[in-house]
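Take a look at the structure below.
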Amino acid sequence: MTDLQPPPPQSPPAIPSPAPKQSRPAPSPSPRRRLLILTLRHLVSAKEYSALRRRGPRAVKSLVPTRGEFEAVANAPDLDDYFPAATRAGVRMLVLGNVVLNVWDLVTVRRKRQRARVSVGAFLRVVMDRSNFLSSLSLAVLIVVHRVLYRFFHQLRANLSLPQAKTFRVKYPRASRLFLAPSAPALAASVSGLALAIHPKIERRVTIAAYALVKAMEFYYNRLEDKGYFQNRPWWFGSWLLFPLTSGQLLYTFIFDRDCFPPEYGSFITKYSQEYLQARPASLPVSQPWPGPHTVLDSLSKIATLRYPPFTSPILFPDARALPASLAAITPVVAPAHPSITSLQCALLHPAEPSCLKTYIHFWASELPRIIKFLAAVYSLAYLPRYRRVLSHPFTTLQKLLQATGRTSLFITGALGSAWAANCLFQKLLPRTLLPKSRFFLAGLLGGTWAFADRAAGRANFLYSFRIFLVSAWKVLVKRGWVRSVRNGDVALFVLALAAINCVYDKDPGAVGGAAARRGLGSLRGRGFRDCLDERRTAVVAEGTGKGEVGGKVVGKEGEKKGVKKM
(Lines give C-alpha, C1' and ligand atoms only; values in the text may rest on other atoms or scores of the structure.)
Protein backbone atom coordinates (compact mmCIF):
# COMPACT_ATOMS: atom_id res chain seq x y z
CA MET A 1 0.00 0.00 0.00
CA THR A 2 1.53 3.20 -1.09
CA ASP A 3 1.77 6.15 1.26
CA LEU A 4 -0.56 8.87 0.27
CA GLN A 5 1.22 12.24 0.26
CA PRO A 6 -0.78 15.39 0.61
CA PRO A 7 -0.88 17.51 -2.47
CA PRO A 8 1.53 20.43 -2.53
CA PRO A 9 0.03 23.68 -1.39
CA GLN A 10 -1.18 25.78 -4.23
CA SER A 11 -0.36 29.43 -4.37
CA PRO A 12 -3.29 31.78 -4.55
CA PRO A 13 -4.15 32.95 -7.99
CA ALA A 14 -2.15 36.00 -8.99
CA ILE A 15 -4.13 39.15 -9.00
CA PRO A 16 -3.53 40.92 -12.26
CA SER A 17 -1.92 44.29 -11.72
CA PRO A 18 -3.90 47.18 -13.05
CA ALA A 19 -2.72 48.46 -16.35
CA PRO A 20 -0.84 51.75 -16.08
CA LYS A 21 -2.99 54.71 -16.86
CA GLN A 22 -2.05 56.23 -20.09
CA SER A 23 -1.79 59.99 -19.93
CA ARG A 24 -4.39 61.50 -22.09
CA PRO A 25 -2.98 63.65 -24.77
CA ALA A 26 -3.63 67.30 -24.33
CA PRO A 27 -6.70 68.31 -26.25
CA SER A 28 -5.89 70.08 -29.44
CA PRO A 29 -7.06 73.69 -29.15
CA SER A 30 -9.20 75.33 -31.74
CA PRO A 31 -7.54 77.61 -34.31
CA ARG A 32 -8.74 80.70 -32.46
CA ARG A 33 -7.36 79.47 -29.15
CA ARG A 34 -4.12 78.46 -30.82
CA LEU A 35 -3.75 81.98 -32.19
CA LEU A 36 -4.51 83.37 -28.74
CA ILE A 37 -1.89 81.11 -27.16
CA LEU A 38 0.72 82.09 -29.74
CA THR A 39 0.03 85.71 -28.84
CA LEU A 40 0.05 85.15 -25.08
CA ARG A 41 3.38 83.31 -25.18
CA HIS A 42 5.00 86.62 -26.13
CA LEU A 43 3.66 88.14 -22.90
CA VAL A 44 3.84 85.39 -20.27
CA SER A 45 5.60 82.06 -19.93
CA ALA A 46 3.78 78.77 -19.38
CA LYS A 47 4.51 78.89 -15.64
CA GLU A 48 3.29 82.46 -15.33
CA TYR A 49 0.16 81.68 -17.35
CA SER A 50 -0.64 78.73 -15.09
CA ALA A 51 -0.30 80.91 -11.99
CA LEU A 52 -2.43 83.69 -13.46
CA ARG A 53 -5.15 81.29 -14.59
CA ARG A 54 -5.24 79.53 -11.24
CA ARG A 55 -5.80 82.82 -9.42
CA GLY A 56 -8.20 84.28 -11.94
CA PRO A 57 -12.01 84.32 -11.55
CA ARG A 58 -14.05 81.38 -12.81
CA ALA A 59 -15.80 83.46 -15.43
CA VAL A 60 -12.46 84.18 -17.07
CA LYS A 61 -11.16 80.61 -16.79
CA SER A 62 -13.90 79.33 -19.05
CA LEU A 63 -12.98 81.82 -21.75
CA VAL A 64 -9.20 81.36 -21.86
CA PRO A 65 -7.21 78.27 -22.87
CA THR A 66 -6.47 75.63 -20.26
CA ARG A 67 -3.04 74.97 -18.86
CA GLY A 68 -2.66 71.83 -20.98
CA GLU A 69 -3.64 73.63 -24.16
CA PHE A 70 -1.20 76.45 -23.46
CA GLU A 71 1.69 74.09 -22.73
CA ALA A 72 0.89 71.92 -25.75
CA VAL A 73 1.13 74.88 -28.10
CA ALA A 74 3.82 76.95 -26.36
CA ASN A 75 6.17 73.99 -25.81
CA ALA A 76 5.76 72.49 -29.27
CA PRO A 77 9.09 71.20 -30.59
CA ASP A 78 8.69 72.97 -33.93
CA LEU A 79 8.46 76.41 -32.28
CA ASP A 80 11.47 78.50 -31.30
CA ASP A 81 11.01 80.27 -27.99
CA TYR A 82 13.87 82.77 -28.35
CA PHE A 83 11.89 85.67 -29.77
CA PRO A 84 8.89 85.15 -27.42
CA ALA A 85 11.33 85.02 -24.49
CA ALA A 86 12.84 88.31 -25.66
CA THR A 87 9.43 89.98 -25.88
CA ARG A 88 8.51 88.62 -22.45
CA ALA A 89 11.66 90.18 -21.02
CA GLY A 90 10.77 93.48 -22.69
CA VAL A 91 7.22 93.42 -21.33
CA ARG A 92 8.46 92.70 -17.82
CA MET A 93 10.92 95.56 -18.03
CA LEU A 94 8.19 97.86 -19.35
CA VAL A 95 5.92 97.09 -16.39
CA LEU A 96 8.67 97.04 -13.78
CA GLY A 97 10.33 100.24 -15.01
CA ASN A 98 7.03 102.10 -15.12
CA VAL A 99 6.15 101.02 -11.58
CA VAL A 100 9.57 101.92 -10.19
CA LEU A 101 9.62 105.36 -11.84
CA ASN A 102 6.09 106.16 -10.67
CA VAL A 103 6.85 105.11 -7.11
CA TRP A 104 10.02 107.20 -7.16
CA ASP A 105 8.08 110.22 -8.39
CA LEU A 106 5.47 109.75 -5.66
CA VAL A 107 8.18 109.56 -3.01
CA THR A 108 9.81 112.69 -4.45
CA VAL A 109 6.52 114.60 -4.52
CA ARG A 110 5.79 113.67 -0.93
CA ARG A 111 9.28 114.66 0.19
CA LYS A 112 8.92 118.05 -1.50
CA ARG A 113 5.65 118.58 0.35
CA GLN A 114 7.34 117.84 3.66
CA ARG A 115 5.88 114.35 4.06
CA ALA A 116 2.32 115.54 3.77
CA ARG A 117 -0.29 113.34 2.21
CA VAL A 118 -0.25 113.31 -1.57
CA SER A 119 -3.56 114.47 -3.02
CA VAL A 120 -5.51 112.37 -5.48
CA GLY A 121 -4.78 114.87 -8.25
CA ALA A 122 -1.04 114.71 -7.64
CA PHE A 123 -1.19 110.91 -7.54
CA LEU A 124 -3.03 110.75 -10.87
CA ARG A 125 -0.60 113.21 -12.46
CA VAL A 126 2.32 111.02 -11.45
CA VAL A 127 0.70 107.75 -12.51
CA MET A 128 -0.48 109.12 -15.85
CA ASP A 129 2.85 110.76 -16.56
CA ARG A 130 3.75 109.98 -20.15
CA SER A 131 7.48 110.44 -19.65
CA ASN A 132 7.77 107.47 -17.25
CA PHE A 133 5.99 105.20 -19.72
CA LEU A 134 8.22 106.30 -22.58
CA SER A 135 11.33 105.82 -20.44
CA SER A 136 10.31 102.24 -19.65
CA LEU A 137 9.30 101.63 -23.26
CA SER A 138 12.71 102.70 -24.55
CA LEU A 139 14.45 100.20 -22.25
CA ALA A 140 12.00 97.44 -23.21
CA VAL A 141 12.56 98.04 -26.93
CA LEU A 142 16.33 98.05 -26.38
CA ILE A 143 16.20 94.65 -24.69
CA VAL A 144 14.07 93.02 -27.41
CA VAL A 145 15.97 94.48 -30.35
CA HIS A 146 19.38 93.76 -28.79
CA ARG A 147 18.52 90.11 -28.22
CA VAL A 148 17.13 89.62 -31.71
CA LEU A 149 20.02 91.35 -33.49
CA TYR A 150 22.68 89.60 -31.46
CA ARG A 151 21.25 86.15 -32.14
CA PHE A 152 20.67 86.84 -35.84
CA PHE A 153 24.22 88.03 -36.51
CA HIS A 154 25.67 85.36 -34.23
CA GLN A 155 23.94 82.62 -36.25
CA LEU A 156 24.80 84.37 -39.50
CA ARG A 157 28.47 84.38 -38.55
CA ALA A 158 28.30 80.71 -37.62
CA ASN A 159 26.59 79.79 -40.91
CA LEU A 160 29.08 81.76 -43.00
CA SER A 161 31.91 79.85 -41.31
CA LEU A 162 30.59 76.52 -42.64
CA PRO A 163 32.20 74.90 -45.70
CA GLN A 164 28.88 75.11 -47.55
CA ALA A 165 29.17 78.93 -47.49
CA LYS A 166 32.48 79.01 -49.33
CA THR A 167 30.80 80.16 -52.52
CA PHE A 168 29.33 83.19 -50.77
CA ARG A 169 32.65 84.02 -49.12
CA VAL A 170 34.43 83.94 -52.47
CA LYS A 171 31.76 85.92 -54.29
CA TYR A 172 31.35 88.61 -51.59
CA PRO A 173 34.70 88.89 -49.78
CA ARG A 174 34.04 92.29 -48.18
CA ALA A 175 30.67 91.33 -46.78
CA SER A 176 32.12 88.04 -45.57
CA ARG A 177 34.94 89.80 -43.72
CA LEU A 178 32.38 92.15 -42.18
CA PHE A 179 30.01 89.42 -40.99
CA LEU A 180 32.77 87.02 -39.94
CA ALA A 181 34.49 89.56 -37.69
CA PRO A 182 34.50 88.42 -34.04
CA SER A 183 32.88 91.67 -32.94
CA ALA A 184 30.18 91.67 -35.66
CA PRO A 185 27.31 90.41 -33.43
CA ALA A 186 28.20 92.83 -30.64
CA LEU A 187 28.44 95.82 -32.94
CA ALA A 188 25.24 94.97 -34.78
CA ALA A 189 23.32 94.48 -31.54
CA SER A 190 24.50 97.89 -30.34
CA VAL A 191 22.23 99.50 -32.93
CA SER A 192 19.48 98.74 -30.43
CA GLY A 193 20.79 101.74 -28.49
CA LEU A 194 18.77 103.90 -30.89
CA ALA A 195 15.80 102.95 -28.71
CA LEU A 196 16.99 105.70 -26.37
CA ALA A 197 15.42 108.13 -28.84
CA ILE A 198 12.03 106.97 -27.53
CA HIS A 199 13.02 108.33 -24.12
CA PRO A 200 11.72 111.87 -23.50
CA LYS A 201 14.27 114.63 -23.94
CA ILE A 202 14.79 115.25 -20.24
CA GLU A 203 17.80 115.24 -17.96
CA ARG A 204 17.50 111.51 -17.37
CA ARG A 205 18.31 110.70 -21.00
CA VAL A 206 21.53 112.70 -20.90
CA THR A 207 22.46 111.01 -17.64
CA ILE A 208 21.96 107.55 -19.17
CA ALA A 209 24.21 108.42 -22.11
CA ALA A 210 26.91 109.85 -19.83
CA TYR A 211 26.70 106.80 -17.56
CA ALA A 212 27.20 104.44 -20.51
CA LEU A 213 30.14 106.51 -21.78
CA VAL A 214 31.95 106.49 -18.44
CA LYS A 215 31.31 102.76 -18.02
CA ALA A 216 32.80 102.10 -21.46
CA MET A 217 35.89 104.11 -20.53
CA GLU A 218 36.18 102.24 -17.24
CA PHE A 219 35.92 98.81 -18.88
CA TYR A 220 38.47 99.70 -21.54
CA TYR A 221 40.86 100.87 -18.84
CA ASN A 222 40.35 97.52 -17.08
CA ARG A 223 41.18 95.69 -20.29
CA LEU A 224 44.34 97.72 -20.84
CA GLU A 225 45.28 97.05 -17.24
CA ASP A 226 44.80 93.32 -17.79
CA LYS A 227 47.14 93.48 -20.78
CA GLY A 228 49.85 95.00 -18.58
CA TYR A 229 49.90 98.55 -19.88
CA PHE A 230 50.03 100.04 -16.36
CA GLN A 231 52.44 97.70 -14.64
CA ASN A 232 55.01 100.40 -13.88
CA ARG A 233 52.63 103.09 -12.74
CA PRO A 234 53.52 104.98 -9.54
CA TRP A 235 51.87 103.91 -6.29
CA TRP A 236 49.84 107.09 -6.01
CA PHE A 237 48.35 106.85 -9.52
CA GLY A 238 44.65 105.98 -9.57
CA SER A 239 41.10 107.03 -10.28
CA TRP A 240 41.21 109.49 -7.38
CA LEU A 241 43.12 111.88 -9.66
CA LEU A 242 39.87 112.46 -11.55
CA PHE A 243 38.22 114.09 -8.58
CA PRO A 244 40.37 117.24 -8.16
CA LEU A 245 39.65 118.18 -11.78
CA THR A 246 35.94 117.46 -11.48
CA SER A 247 35.71 119.20 -8.11
CA GLY A 248 37.30 122.37 -9.48
CA GLN A 249 35.01 122.55 -12.48
CA LEU A 250 31.90 121.70 -10.47
CA LEU A 251 32.60 124.35 -7.83
CA TYR A 252 33.14 126.94 -10.52
CA THR A 253 29.87 125.93 -12.20
CA PHE A 254 28.09 125.87 -8.84
CA ILE A 255 28.98 129.52 -8.29
CA PHE A 256 28.75 131.05 -11.76
CA ASP A 257 26.55 128.70 -13.85
CA ARG A 258 24.25 127.03 -11.39
CA ASP A 259 21.63 126.40 -14.08
CA CYS A 260 24.15 123.93 -15.57
CA PHE A 261 24.70 122.21 -12.23
CA PRO A 262 22.74 119.11 -11.11
CA PRO A 263 20.26 120.18 -8.41
CA GLU A 264 20.67 116.99 -6.34
CA TYR A 265 24.42 117.51 -6.09
CA GLY A 266 23.90 121.16 -5.22
CA SER A 267 21.36 120.30 -2.50
CA PHE A 268 23.90 117.97 -0.90
CA ILE A 269 26.55 120.70 -0.88
CA THR A 270 24.26 123.32 0.67
CA LYS A 271 22.91 120.84 3.23
CA TYR A 272 26.36 119.99 4.58
CA SER A 273 27.89 123.47 4.38
CA GLN A 274 25.92 125.18 7.13
CA GLU A 275 29.09 126.57 8.70
CA TYR A 276 29.65 128.71 5.59
CA LEU A 277 26.08 129.16 4.33
CA GLN A 278 24.42 130.84 7.27
CA ALA A 279 20.98 129.56 8.23
CA ARG A 280 18.19 131.88 9.26
CA PRO A 281 18.42 132.66 13.00
CA ALA A 282 15.58 131.24 15.04
CA SER A 283 15.11 134.54 16.90
CA LEU A 284 14.73 136.57 13.70
CA PRO A 285 11.14 137.77 13.15
CA VAL A 286 9.34 136.31 10.18
CA SER A 287 8.82 139.76 8.73
CA GLN A 288 12.59 140.32 8.46
CA PRO A 289 14.20 139.10 5.20
CA TRP A 290 17.08 136.63 5.19
CA PRO A 291 19.04 135.41 2.15
CA GLY A 292 18.78 131.74 1.30
CA PRO A 293 21.63 129.53 0.11
CA HIS A 294 21.05 130.35 -3.56
CA THR A 295 21.04 134.06 -2.83
CA VAL A 296 24.36 133.70 -0.99
CA LEU A 297 25.86 131.77 -3.90
CA ASP A 298 24.67 134.39 -6.37
CA SER A 299 26.22 137.05 -4.18
CA LEU A 300 29.55 135.21 -4.17
CA SER A 301 29.61 135.32 -7.96
CA LYS A 302 28.78 139.04 -7.89
CA ILE A 303 31.52 139.70 -5.31
CA ALA A 304 34.01 137.94 -7.60
CA THR A 305 32.78 140.00 -10.56
CA LEU A 306 33.32 143.19 -8.52
CA ARG A 307 36.86 141.91 -7.73
CA TYR A 308 36.28 141.41 -4.03
CA PRO A 309 35.49 144.85 -2.60
CA PRO A 310 36.67 145.46 0.99
CA PHE A 311 34.26 145.24 3.88
CA THR A 312 33.69 148.13 6.23
CA SER A 313 31.76 147.21 9.35
CA PRO A 314 28.64 149.36 9.87
CA ILE A 315 29.01 148.69 13.58
CA LEU A 316 32.21 150.77 13.75
CA PHE A 317 31.38 153.11 10.88
CA PRO A 318 27.63 153.67 10.68
CA ASP A 319 28.07 156.29 7.97
CA ALA A 320 30.17 154.01 5.76
CA ARG A 321 29.22 153.48 2.15
CA ALA A 322 26.43 150.95 1.77
CA LEU A 323 26.74 147.78 -0.25
CA PRO A 324 26.20 147.92 -4.01
CA ALA A 325 22.62 147.51 -5.13
CA SER A 326 23.36 144.07 -6.57
CA LEU A 327 24.44 142.90 -3.08
CA ALA A 328 21.66 144.46 -1.04
CA ALA A 329 20.08 141.05 -0.41
CA ILE A 330 22.97 139.96 1.85
CA THR A 331 22.75 143.01 4.12
CA PRO A 332 21.04 141.04 6.95
CA VAL A 333 24.08 138.71 7.04
CA VAL A 334 27.01 141.09 6.67
CA ALA A 335 25.62 144.04 8.65
CA PRO A 336 26.13 142.40 12.09
CA ALA A 337 29.43 140.79 11.03
CA HIS A 338 32.44 140.96 13.31
CA PRO A 339 34.14 144.39 13.02
CA SER A 340 37.60 142.89 12.53
CA ILE A 341 36.63 141.22 9.26
CA THR A 342 37.99 143.15 6.29
CA SER A 343 36.86 140.92 3.40
CA LEU A 344 33.29 141.06 2.16
CA GLN A 345 33.42 137.39 1.17
CA CYS A 346 34.52 136.38 4.66
CA ALA A 347 31.83 138.57 6.18
CA LEU A 348 29.28 136.68 4.11
CA LEU A 349 30.59 133.16 4.75
CA HIS A 350 31.42 133.39 8.46
CA PRO A 351 30.16 136.71 9.87
CA ALA A 352 30.33 135.73 13.54
CA GLU A 353 33.91 134.40 13.50
CA PRO A 354 36.76 136.60 12.25
CA SER A 355 39.24 133.70 12.06
CA CYS A 356 39.04 131.66 8.86
CA LEU A 357 41.02 128.84 10.49
CA LYS A 358 38.63 128.55 13.43
CA THR A 359 35.71 128.47 11.01
CA TYR A 360 37.37 125.61 9.15
CA ILE A 361 37.87 123.70 12.40
CA HIS A 362 34.25 124.34 13.41
CA PHE A 363 33.18 122.98 10.03
CA TRP A 364 34.92 119.68 10.73
CA ALA A 365 33.43 119.47 14.20
CA SER A 366 29.88 120.12 13.03
CA GLU A 367 29.67 118.45 9.62
CA LEU A 368 31.80 115.32 10.07
CA PRO A 369 29.35 113.62 12.50
CA ARG A 370 26.39 114.44 10.25
CA ILE A 371 28.11 113.05 7.16
CA ILE A 372 29.12 109.91 9.07
CA LYS A 373 25.49 109.28 10.05
CA PHE A 374 24.31 109.79 6.49
CA LEU A 375 26.91 107.50 4.92
CA ALA A 376 26.45 104.83 7.58
CA ALA A 377 22.76 104.64 6.64
CA VAL A 378 23.57 104.56 2.91
CA TYR A 379 26.19 101.82 3.21
CA SER A 380 23.95 99.79 5.52
CA LEU A 381 21.20 99.84 2.90
CA ALA A 382 23.73 98.79 0.28
CA TYR A 383 24.46 95.64 2.29
CA LEU A 384 20.80 94.53 2.39
CA PRO A 385 20.97 92.55 -0.89
CA ARG A 386 23.97 90.71 0.57
CA TYR A 387 22.30 89.80 3.84
CA ARG A 388 23.45 86.18 3.63
CA ARG A 389 27.07 87.22 3.60
CA VAL A 390 26.35 89.61 6.46
CA LEU A 391 24.80 86.83 8.55
CA SER A 392 27.62 84.39 7.81
CA HIS A 393 30.44 86.92 8.47
CA PRO A 394 28.99 89.63 10.72
CA PHE A 395 32.24 90.92 12.21
CA THR A 396 34.04 91.10 8.85
CA THR A 397 31.07 92.92 7.33
CA LEU A 398 30.91 95.36 10.24
CA GLN A 399 34.61 96.07 9.89
CA LYS A 400 34.25 96.78 6.16
CA LEU A 401 31.22 98.98 6.84
CA LEU A 402 33.07 101.04 9.42
CA GLN A 403 36.15 101.39 7.20
CA ALA A 404 34.13 102.46 4.16
CA THR A 405 32.07 104.92 6.20
CA GLY A 406 35.14 106.43 7.84
CA ARG A 407 37.17 106.83 4.66
CA THR A 408 34.33 108.30 2.60
CA SER A 409 33.25 110.62 5.41
CA LEU A 410 36.79 111.91 5.75
CA PHE A 411 37.01 112.42 2.00
CA ILE A 412 33.67 114.26 1.60
CA THR A 413 34.08 116.45 4.69
CA GLY A 414 37.61 117.40 3.72
CA ALA A 415 36.64 118.16 0.13
CA LEU A 416 33.72 120.40 1.09
CA GLY A 417 35.41 122.22 3.96
CA SER A 418 38.73 122.70 2.18
CA ALA A 419 37.02 124.12 -0.91
CA TRP A 420 35.29 126.80 1.17
CA ALA A 421 38.37 127.47 3.30
CA ALA A 422 40.60 127.79 0.24
CA ASN A 423 38.56 130.79 -0.92
CA CYS A 424 39.27 132.47 2.39
CA LEU A 425 42.94 131.55 2.02
CA PHE A 426 43.10 133.17 -1.41
CA GLN A 427 41.71 136.37 0.12
CA LYS A 428 44.85 136.52 2.27
CA LEU A 429 47.40 135.44 -0.35
CA LEU A 430 46.21 136.82 -3.71
CA PRO A 431 45.56 140.41 -4.74
CA ARG A 432 41.91 141.32 -5.27
CA THR A 433 42.30 141.64 -9.02
CA LEU A 434 44.26 138.41 -9.59
CA LEU A 435 42.15 135.46 -10.81
CA PRO A 436 38.89 136.79 -9.34
CA LYS A 437 36.79 133.95 -10.79
CA SER A 438 39.34 131.24 -11.49
CA ARG A 439 40.24 131.04 -7.81
CA PHE A 440 36.99 129.10 -7.27
CA PHE A 441 38.28 126.46 -9.66
CA LEU A 442 41.59 126.36 -7.78
CA ALA A 443 39.73 126.10 -4.48
CA GLY A 444 37.76 123.12 -5.74
CA LEU A 445 40.96 121.61 -7.09
CA LEU A 446 42.64 121.86 -3.69
CA GLY A 447 39.60 120.48 -1.91
CA GLY A 448 39.42 117.59 -4.35
CA THR A 449 42.82 116.32 -3.28
CA TRP A 450 41.07 114.85 -0.25
CA ALA A 451 40.03 112.04 -2.59
CA PHE A 452 43.44 110.55 -1.81
CA ALA A 453 42.02 109.49 1.57
CA ASP A 454 39.47 107.24 -0.17
CA ARG A 455 41.63 106.13 -3.09
CA ALA A 456 41.44 102.43 -2.13
CA ALA A 457 37.66 102.00 -2.40
CA GLY A 458 36.21 105.26 -3.68
CA ARG A 459 36.31 104.56 -7.38
CA ALA A 460 32.50 104.54 -7.72
CA ASN A 461 32.28 107.99 -6.11
CA PHE A 462 35.00 109.40 -8.36
CA LEU A 463 33.34 108.06 -11.51
CA TYR A 464 29.97 109.41 -10.38
CA SER A 465 31.47 112.88 -10.00
CA PHE A 466 33.20 112.48 -13.35
CA ARG A 467 29.86 111.76 -15.04
CA ILE A 468 28.38 114.89 -13.50
CA PHE A 469 31.45 116.82 -14.62
CA LEU A 470 31.01 115.74 -18.24
CA VAL A 471 27.35 116.70 -18.38
CA SER A 472 27.88 119.98 -16.54
CA ALA A 473 30.90 121.00 -18.64
CA TRP A 474 29.02 120.30 -21.88
CA LYS A 475 26.09 122.45 -20.73
CA VAL A 476 28.44 125.30 -19.87
CA LEU A 477 30.11 125.09 -23.27
CA VAL A 478 26.74 125.16 -25.03
CA LYS A 479 25.49 128.01 -22.84
CA ARG A 480 28.48 130.18 -23.66
CA GLY A 481 28.30 129.38 -27.36
CA TRP A 482 31.68 127.66 -27.53
CA VAL A 483 30.14 124.50 -29.03
CA ARG A 484 26.93 123.76 -30.88
CA SER A 485 24.36 121.42 -29.47
CA VAL A 486 23.99 118.25 -31.55
CA ARG A 487 20.48 116.99 -32.13
CA ASN A 488 20.07 113.53 -30.57
CA GLY A 489 23.76 113.58 -29.80
CA ASP A 490 23.12 111.78 -26.53
CA VAL A 491 21.51 108.91 -28.45
CA ALA A 492 24.49 108.61 -30.80
CA LEU A 493 26.85 108.72 -27.82
CA PHE A 494 24.87 105.97 -26.11
CA VAL A 495 25.06 103.74 -29.19
CA LEU A 496 28.84 104.16 -29.40
CA ALA A 497 29.25 103.49 -25.69
CA LEU A 498 27.06 100.39 -25.89
CA ALA A 499 29.12 99.10 -28.82
CA ALA A 500 32.32 99.60 -26.85
CA ILE A 501 30.90 97.84 -23.80
CA ASN A 502 29.67 94.90 -25.90
CA CYS A 503 33.06 94.48 -27.56
CA VAL A 504 34.89 94.51 -24.24
CA TYR A 505 32.46 92.00 -22.78
CA ASP A 506 32.93 89.61 -25.71
CA LYS A 507 36.73 89.82 -25.64
CA ASP A 508 37.31 89.96 -21.88
CA PRO A 509 34.35 89.48 -19.50
CA GLY A 510 36.68 90.04 -16.56
CA ALA A 511 37.23 93.63 -17.67
CA VAL A 512 33.56 94.37 -16.99
CA GLY A 513 33.74 95.33 -13.34
CA GLY A 514 30.94 94.04 -11.14
CA ALA A 515 28.84 90.90 -11.32
CA ALA A 516 25.66 92.93 -11.80
CA ALA A 517 27.01 94.51 -14.99
CA ARG A 518 28.05 91.12 -16.38
CA ARG A 519 24.66 89.66 -15.52
CA GLY A 520 22.92 92.52 -17.30
CA LEU A 521 25.03 92.13 -20.43
CA GLY A 522 24.44 88.37 -20.39
CA SER A 523 20.70 88.98 -20.16
CA LEU A 524 20.88 91.33 -23.15
CA ARG A 525 22.25 88.39 -25.15
CA GLY A 526 19.43 86.09 -24.05
CA ARG A 527 21.64 83.94 -21.83
CA GLY A 528 19.76 84.62 -18.65
CA PHE A 529 20.63 86.80 -15.70
CA ARG A 530 23.84 84.89 -15.01
CA ASP A 531 27.46 85.83 -14.48
CA CYS A 532 29.55 83.97 -17.05
CA LEU A 533 32.72 84.61 -15.06
CA ASP A 534 31.36 82.93 -11.92
CA GLU A 535 30.10 80.01 -14.00
CA ARG A 536 33.53 79.52 -15.54
CA ARG A 537 35.20 79.64 -12.14
CA THR A 538 32.71 77.13 -10.79
CA ALA A 539 33.35 74.80 -13.72
CA VAL A 540 37.10 75.07 -13.24
CA VAL A 541 36.89 74.27 -9.54
CA ALA A 542 34.52 71.38 -10.22
CA GLU A 543 36.99 69.82 -12.62
CA GLY A 544 39.62 69.93 -9.90
CA THR A 545 42.19 71.67 -12.03
CA GLY A 546 42.26 74.84 -9.93
CA LYS A 547 43.08 76.97 -12.96
CA GLY A 548 41.20 78.10 -16.01
CA GLU A 549 41.47 80.53 -18.85
CA VAL A 550 38.80 83.25 -18.53
CA GLY A 551 38.66 86.07 -21.01
CA GLY A 552 42.40 85.96 -21.72
CA LYS A 553 43.36 85.80 -18.03
CA VAL A 554 44.29 82.81 -15.91
CA VAL A 555 41.87 82.48 -13.03
CA GLY A 556 42.88 80.28 -10.16
CA LYS A 557 41.13 79.18 -7.00
CA GLU A 558 41.55 82.54 -5.39
CA GLY A 559 40.80 84.29 -8.68
CA GLU A 560 39.62 87.76 -9.19
CA LYS A 561 37.22 89.32 -6.72
CA LYS A 562 34.16 89.33 -8.95
CA GLY A 563 35.53 91.75 -11.44
CA VAL A 564 36.24 94.54 -8.94
CA LYS A 565 39.20 96.46 -10.26
CA LYS A 566 41.22 99.27 -8.83
CA MET A 567 42.94 101.99 -10.73
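Structural remarks
- Chain lengthening between residue 201 and residue 35 when straightened (0.36 nm per residue, less Cα-Cα): 55.9 nm
- For a paramagnetic label modelled on residue 437 (point 7 Å from Cα along Cα→Cβ), amide N atoms under 18 Å away belong, within segment 251-270, to 251-261.
- In Å², nearest 10: area of residue 483 left accessible to a 1.4 Å probe: 50 Å²
- The fraction of Cα-Cα pairs per 10 angstrom bin, counted from 0 for segment 125-252, comes to 10, 23, 24, 25, 14, 4, 0 percent, rounded to whole percents.
- Label-point separation in nm, residue 171 to residue 279, each point 7 Å along Cα→Cβ: 7.9 nm
- Residue 343 long-range amide H proximity, modeled H, under 5 Å: 311
- For the pair residue 52 and residue 78, label points projected 7 Å from Cα toward Cβ lie 2.6 nm apart.
- A simple packing score, the average count of other Cβ atoms within 10 Å per residue, orders the peptides 131-143, 159-171 as 131-143, 159-171, with the highest score first.
- Per the Debye formula on identical point scatterers at the alpha carbon atoms of segment 344-438, with no solvent, log10 I(q)/I(0) at q = 0.16, 0.19, 0.25 Å⁻¹ is -0.74, -0.89, -1.22.
- Using θ = phi - 60° and Karplus 6.51 cos²θ - 1.76 cosθ + 1.60, couplings along segment 343-354 (whole Hz; Gly, Pro as x): 9, 5, 5, 5, 5, 7, 7, 9, x, 8, 10, x
- Estimated purely from DSSP H runs of n ≥ 4, each contributing -39500 (n - 2.57), the mean residue ellipticity at 222 nm for the chain is -19000 deg cm²/dmol once divided by its residues.
- Extension gain, residue 479 to residue 130, is 122.8 nm, computed as 0.36 nm per intervening residue step minus the present C-alpha separation.
- Per residue value of the accessible surface for segment 449-525 (all protein chains in place, 1.4 Å probe), Å²: 44 Å²
- The packing ranking of peptides 502-508, 413-419, 515-521, highest mean first, is 413-419, 502-508, 515-521, where packing means the average number of other beta carbon atoms within 10 angstrom of each residue.
- Per residue value of the accessible surface for segment 175-300 (all protein chains in place, 1.4 Å probe), Å²: 50 Å²
- Accessible surface of the chain, 1.4 Å probe, proportion on carbon and sulfur as whole %: 64 percent
- Shape category assigned to segment 399-521 from the gyration tensor of Cα positions, a/c cut at 1.5: oblate
- FRET efficiency for residue 326 and residue 43, using Cβ-Cβ distance with R0 set to 60 Å, rounded to 0.05: 0.45
- For segment 416-445 versus segment 291-311, the spacing of their alpha-carbon centroids is 13 Å.
- Kirkwood analysis of the Cα pair distances in the chain returns a hydrodynamic radius of 29.5 Å.
- Accessible area per residue was computed with a 1.4 Å probe on protein heavy atoms; residue 94 scores about 40 Å².
- Based on protein heavy atoms only, segment 375-424 ends up with 56 Å² per residue of surface accessible to a 1.4 Å probe.
- A simple packing score, the average count of other Cβ atoms within 10 Å per residue, orders the peptides 321-330, 452-461, 225-234 as 452-461, 321-330, 225-234, with the highest score first.
- Each residue, residue 496 and residue 95, gets one label point 7 Å from its Cα in the Cβ direction; the gap between the two is 3.9 nm.
- Per-residue HN-Hα couplings for segment 177-188 [Karplus 6.51, -1.76, 1.60; θ = phi - 60°; Hz; x = Gly/Pro]: 4, 5, 7, 8, 5, x, 8, 4, x, 5, 5, 5
- Unpaired cysteine residues in the chain (no second Cys Cβ under 4.7 Å): 260, 346, 503, 532.
The values are calculated or read from the model by the stated rules, or taken from the named source; none is laboratory data. Because the structure is predicted, anything quoted here is derived from the model rather than measured. Ideal geometry is used to build each Cβ from the backbone, glycine not excepted, and the neighbour counts take in all protein chains shown. Side chains included, ligands, DNA and RNA excluded: accessible areas come from the protein's heavy atoms. Shrake-Rupley method; radii C 1.70, N 1.55, O 1.52, S 1.80 Å.
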